[in-house]
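The next block holds one structure in the form of structure tokens; read it before the comments.
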Amino acid sequence: MSDLPTRILVADDNATDRLLLSSIVKKEGYEVISAVDGADALCKFDECVPDVVLLDAMMPKLDGFEVAKIIRKRTVGSFVPIVFLTSLTEADELARCLDAGGDDFLSKPYNKIILKAKLNALDRMRALHTEVADQRDQISRHHAYLLAEQEAAKAVFDNVAHSGQLHAPYIKQLISPLAVFNGDVVLAAHDPGGDLYVLLGDFTGHGLTAAIGAMPLADTFYGMTAKGFSAQDILREANRKLHAVLPAGYFCCATLLRLNFRKGCVEYWNGGLPAGVLLRTRDGSTAELTSTHLALGILDDRRFDAATQVFEINEGDKLLLCTDGVVEARNPEGEDFGYDTLRRIAELAPHDRVFEAVRDAVYGHLGSRASDDDLTLVEVSVLDPAQFESRPVAAHDDSPGGPKDWSLTYELGARSLAVFNPLPLLQHILMEAPHLRPCAGEIYTVLSELYSNALEHGVMGLDSSLKNSADGFSRYYEARAAALENLQGFVRFEMQSAGDENGGTLTVRVKDSGAGFDYPKDIEQWRNPRSGARAYHGRGLVLLGELCESVRYRDPGNEVEVVFRWEVHQ
Amino acid sequence: MAISSELAEDGARLTISVSGRFDFSAHKEFRDSYEGTEDTREYTVDLSEASYLDSSALGMLLLLRDHAGGDNGSVEIVNCSPDVRKILTISNFDQLFTIH
């Protein structure tokens, strides 16, 4: 409160009463302003802005009740106590003073002691009111500031958390925020070979924790996907970063999908989210992508398990992922939507309306209720690989530097093969040659085909014909995981490149420690999709044949040399 | 939501009982229930009266696990309703806790 004496307006048409009251009040140290009737009181009120008004109830022109009502209207939000001066004694009349907006009344003739005590009490009330009003203003300023901050942070978060290839036609998504921030993160990107990676994450809590955690998660996901790291590498790194930045007790439930449309498989990892649903067009069957891991950010790197599982997928299949907000969506009766309902609706819906059917059912279930949690639903459609040409556009290079003629030999022993994926490293070296950059996607595909053939069919001796049946498909990946545990042998890369701004060749020789295989002698067989080669040796060899100028196996089939040629059209 | 705790006579085991919705509103009370029990290494969380648990409750359980000594401590979660058990299963918390 200010140190100035409180300013008091005394309004009374009776000159004697007015003078008497004024002199008592003045003696108490207050500044006094006098008014001779109701109209004068309003005038003086506007002019002098008093802190307290002492008002005679009965006055000519405007009586005290009217004046009190007008003053109240003019002082909304601030507190100016009004005390009625009255010789009335009827209880009804006294009550009327307070009803008209008075805070108290003072009976004539005046009693000095009571007057003094009342003025002191009003001062205390005013002090309290000012304090509360100040705090209210402070809170509302603070709140406005926080809202503005959150709006800005939300814009940053949305750019980071719901970005990438999300608007591609084969991805449908529903993301509804609970608060300003949504704890849910949906990320999608292609690796250099064209595989589609999708990550759905649900951070504990909302708001800032989620926003802060989303940054390293998105960085890791986009950075590593673009460089061709495996799903397991990405998960391990994401877990490591979140474990480091999130406070104890906070984590991120997540599902990561890696879809290889060409090979017809989806690799997935689910830590703590409701099971995803794979809906197969071919026979109407479904499979669940169940949670077998703890959420990201809980375990330290040593104990983290990045093991993924693989399902076969075919053109037209749908993958449906959601956060627990969907499963736990409550109707007005308090019943959860439930996972079984979700699955049943997904199974019964027309195949091209799965996403819409589930979304509408969840909203229908919620009725007018706002959701208790974040609602996030994502659907990915499996495309015909031939239509799927969304390779990342590699940056065209305009710097003339970089190696023009070079070679390297890189051999991985058994202990490395079990835990290390050499593709990002090799791709990185190749991309140092500026003229190769526009071909990043093709080159990565060639390398990854060569490497997976050498590792899986060569070193591990797995039979790819296993993959021709749905049952064999999962057996194949189980056998692959088991073989990694107890690996013997090596894979050796030899690369050689020569070229200039007009084009050149990249020769890659890959040799493995395996027994070799009965490779087709005629490359035309690989290029012809109707030949037996496709069935036997998978789509990988066909693709190599399409991308490379030549593909040559050497006896007994554990060594292959491919020549990749590129031309730059100016 | 209400939380009560009971220390065994020898002080070796603390049993924390949660009733109602186990969510963020229980945060402080849940932490208060075990703080100051540094000598205790064995904890039991009794969820027989808990109707629901959300992800912040999972976070609170992780904090209790840390308090109990992480990998060297022992935290048991007992008497879960089927709904609560389902949430713990999806989260794979049986990798970190003994759940009965």
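The values are calculated or read from the model by the stated rules, or taken from the named source; none is laboratory data. These figures come from a predicted structure and were not determined experimentally. Every residue, glycine as well, gets a Cβ built from its backbone with ideal geometry; the counts of neighbours run over all protein chains shown.
When you check A:LEU426 against the structure, is it hydrophobic (A, V, I, L, M, F, W, C), surrounded by 20 or more Cβ atoms within 10 Å (Cβ to Cβ), under 14 Å from A:GLY193 (Cα atoms) and touching a Leu at 6+ places or on another chain (Cβ under 7 Å), yes or no? First the steps, then the outcome.
Working: hydrophobic (A, V, I, L, M, F, W, C): yes; surrounded by 20 or more Cβ atoms within 10 Å (Cβ to Cβ): yes; under 14 Å from A:GLY193 (Cα atoms): yes; touching a Leu at 6+ places or on another chain (Cβ under 7 Å): yes.
Yes.
Specify which of the listed residues (A:ARG141, A:ARG74, A:ARG126) is modelled with pLDDT of 90 or more, of a type in the set (Lys, Arg) and under 55 Å from the mean Cα position of the chain (by Cα). First the steps, then the outcome.
Details: A:ARG74 fails: modelled with pLDDT of 90 or more; A:ARG126 fails: modelled with pLDDT of 90 or more.
Of the residues listed, the single one that is modelled with pLDDT of 90 or more, of a type in the set (Lys, Arg) and under 55 Å from the mean Cα position of the chain (by Cα) is A:ARG141.
Where residues in region B:62-81 are within 28 Å of A:GLY183 (Cα to Cα) and within 11 Å of chain A (Cβ to nearest Cβ), which of them is surrounded by the most Cβ atoms within 10 Å (Cβ to Cβ)?
Across region B:62-81, the extreme among qualifying residues is B:LEU62.
Among what's in region B:20-30 and is more than 10 Å from every other protein chain (Cβ to nearest Cβ) and in a helix (DSSP H, G or I), pick the residue that is surrounded by the fewest Cβ atoms within 10 Å (Cβ to Cβ). If you could, list the steps in order and put the result at the bottom.
Initial filter on region B:20-30 (more than 10 Å from every other protein chain (Cβ to nearest Cβ)): B:20-22, B:25-26, B:28-30.
Now restrict to residues that are in a helix (DSSP H, G or I): B:25-26, B:28-30.
Details: B:SER25: 12, B:ALA26: 22, B:LYS28: 10, B:GLU29: 16, B:PHE30: 22.
It comes out as B:LYS28.
Just need a number here: residues in region B:23-52 that are at pLDDT 90 or above and within 17 Å of B:VAL78 (Cβ to Cβ).
Selection size over region B:23-52: 12.
Would you pick out the residues in region A:255-268 that are part of a strand (DSSP E or B), more than 12 Å from chain B (Cβ to nearest Cβ) and not basic (Lys, Arg)?
Of the residues in region A:255-268, the ones part of a strand (DSSP E or B) are A:255-260, A:265-268.
Cutting the leftovers down to more than 12 Å from chain B (Cβ to nearest Cβ) gives us A:256-260, A:265-268.
Residues satisfying the conditions are A:LEU256, A:LEU257, A:LEU259, A:ASN260, A:CYS265, A:VAL266, A:GLU267, A:TYR268.
Would you pick out the residues in region A:86-128 that are of a type in the set (Ser, Thr, Tyr) and within 18 Å of A:VAL10 (Cβ to Cβ)? Steps first, answer last, please.
From region A:86-128, those of a type in the set (Ser, Thr, Tyr) are A:86-87, A:89, A:107, A:110; that's our starting set.
Residues satisfying the conditions are A:THR86, A:SER87, A:SER107, A:TYR110.
Keeping to region A:351-375, report how many residues are touching a helix residue (DSSP H, G or I) at 6+ places or on another chain (Cβ under 8 Å) and at pLDDT below 90.
Qualifying residue count, region A:351-375: 5.
If a residue has to be out of contact with any helix residue (DSSP H, G or I) (no Cβ under 9 Å at 6 or more places or on another chain) and either in a helix (DSSP H, G or I) or among the acidic types (Asp, Glu) (or both) to count, how many in region B:34-58 make the cut? Explain how you work it out, then say what you get.
The first filter runs over region B:34-58 and keeps only residues out of contact with any helix residue (DSSP H, G or I) (no Cβ under 9 Å at 6 or more places or on another chain), leaving B:36, B:39, B:42, B:44, B:46, B:48-49.
Keeping just the survivors that are either in a helix (DSSP H, G or I) or among the acidic types (Asp, Glu) (or both) gives B:39, B:42, B:46, B:49.
Count: 4.
Just to verify a result, which residue in region B:82-100, among those that are in contact (Cβ under 8 Å) with a residue 24 or more places away in the chain and more than 13 Å from every other protein chain (Cβ to nearest Cβ), is nearest to B:ARG31 (Cα to Cα)?
For region B:82-100, the residue satisfying everything is B:THR98.
Take A:THR220 and tell me if it is buried (at least 20 other Cβ atoms within 10 Å of the Cβ), within 14 Å of chain B (Cβ to nearest Cβ) and among the polar types (S, T, N, Q). Please lay out each step first, then the result.
Numbers: buried (at least 20 other Cβ atoms within 10 Å of the Cβ): yes; within 14 Å of chain B (Cβ to nearest Cβ): no; among the polar types (S, T, N, Q): yes.
Spelling it out, it is not the case that A:THR220 is buried (at least 20 other Cβ atoms within 10 Å of the Cβ), within 14 Å of chain B (Cβ to nearest Cβ) and among the polar types (S, T, N, Q).
Out of the residues in region A:276-287 that are out of contact with any helix residue (DSSP H, G or I) (no Cβ under 7 Å at 6 or more places or on another chain) and closer than 16 Å to A:VAL380 by Cα, which is nearest to the other protein chains (Cβ to nearest Cβ)?
Filtering region A:276-287 down to residues out of contact with any helix residue (DSSP H, G or I) (no Cβ under 7 Å at 6 or more places or on another chain) leaves A:276, A:278, A:280, A:282-285, A:287.
Now restrict to residues that are closer than 16 Å to A:VAL380 by Cα: A:276, A:278, A:280, A:287.
Numbers: A:GLY276: 12, A:LEU278: 17, A:ARG280: 23, A:ALA287: 17 Å.
So the residue we want is A:GLY276.
Give region A:77-99 a look and list any residue that's at pLDDT below 85 and outside any helix (DSSP H, G or I), or say none.
Answer for region A:77-99, where residues must be at pLDDT below 85 and outside any helix (DSSP H, G or I): A:GLY77, A:SER78, A:SER87, A:LEU88, A:THR89, A:GLU90.
List, please: which pairs have Cβ atoms under 8 Å, are six or more places apart or on different chains, and start with a residue in region B:41-61 that is at the interface with another protein chain (Cβ under 8 Å from one of its Cβ atoms) and within 14 Å of B:LYS86 (Cα to Cα) and end with one that is of a type outside the set (D, E, K, R) and part of a strand (DSSP E or B)?
B:ASP54/B:PHE22; B:SER55/A:CYS253
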